[in-house]
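The values are calculated or read from the model by the stated rules, or taken from the named source; none is laboratory data. Fair warning: this is a prediction, and the values are worked out from it, not measured in the lab. Please note: Cβ atoms are built from the backbone with ideal geometry, for glycine as well, and neighbour counts cover all protein chains shown. Areas reflect the complete protein model, heavy atoms only, side chains present, ligands, DNA and RNA absent. Shrake-Rupley method; radii C 1.70, N 1.55, O 1.52, S 1.80 Å.
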Number of protein chains: 2
Amino acid sequence: MSVTIDRTFSALADPTRRAILARLALGETTVSDLAQPFLGSMSLPAISKHIKVLENAGLIIKGQDKQSRPCRLNAPAMKEAADWIETYRAYWEESFDRLDAYLKTITTPSSKGKTNGKRSEGQ
Amino acid sequence: MSVTIDRTFSALADPTRRAILARLALGETTVSDLAQPFLGSMSLPAISKHIKVLENAGLIIKGQDKQSRPCRLNAPAMKEAADWIETYRAYWEESFDRLDAYLKTITTPSSKGKTNGKRSEGQ
DNA sequence: AGTTAAATAAACCAATCAGTTAATTAACAT
DNA sequence: ATGTTAATTAACTGATTGGTTTATTTAACT
């Protein structure tokens, strides 16, 4: 099985790393800049390591400009993970249908049809 | 920050656990049944632990029927992770657009396309 | 040449993880 | 009562993770 998707999900499992990705979604920036919001609670080498994890997962690409290492999102690497997770969309939507049905059974002994929202997509 | 999404991504980072989820997408089944395809390469307690990780992440729900523990998908727990990752869809789609544009610049006779790498921020 | 700035590497540590084997619980069947 | 089946718990191990502090690289600026 794909080891890259392992690394992708594993990289996304850390809140600091997700925050770094969120920052990068606003635009390319350097390691120092990415580290700045965290330096109160962790060291620069810690951030450097997080960035390396993201890089190894293919989620970001690190360049070089003088001493700086400008990082940018490499979002397509996320696509594989997104595609995997998307195959389950039908299941959680189906579950909402079941919740919907359940709510009807407990709220409509004599009620009018309020929940006409059709969620089933068919598959 | 949300510790539940941490646990979700972390649970999804393991191929055995993803295989278990894939099996459960076909329908509810017991721990033994889930373990069966893996017993050549790992022990039952190992699978039992994987299932507990999935349960703690809220990705599956474990019931009881006589001695068996029937497990079923609880896909809505995946939705939070899916939603997070979906916010980046625009970026990987845009990236493909940019790749497309880049390929055009290098295959065009008049190529002197010096891209400034600046991403369109703000929206 | 010496200094500063940006980032990483090295060495270390505690905690968590993924697996093992052996023992145990719980429910059922003789 | 005894045994069988399904699954978990306990105790242990080696590898990985996430962080630290200190030292080093690399490139620019006087």
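A single entry from A:60, A:85, A:5, A:47 fulfils the requirement of being among the β-branched types (Val, Ile, Thr), without any contact (Cβ under 8 Å) to a residue 12 or more places away in the chain and either more than 30 Å from residue B:72 (Cβ to Cβ) or away from DNA strand D (no atom under 13 Å from the Cβ) (or both): A:85.
If you check residue A:17 against the conditions, is it more than 11 Å from DNA strand C (Cβ to nearest atom) and open to solvent by 20 Å² or more (accessible area, probe 1.4 Å)?
yes
Restricting attention to region B:1-60, the residues being among the small types (Gly, Ala, Ser), more than 14 Å from the chain's Cα centre (by Cα) and assigned to a helix (DSSP H, G or I) number 4. All told, residue B:65 falls short of being of a type in the set (D, E, K, R), more than 17 Å from the chain's Cα centre (by Cα) and more than 12 Å from DNA strand C (Cβ to nearest atom). Quick check on residue A:39: is it open to solvent by 60 Å² or more (accessible area, probe 1.4 Å), near DNA strand C (Cβ under 7 Å from one of its atoms) and either closer than 25 Å to residue B:81 by Cα or of a type in the set (A, V, I, L, M) (or both)? So residue A:39 fails the test.
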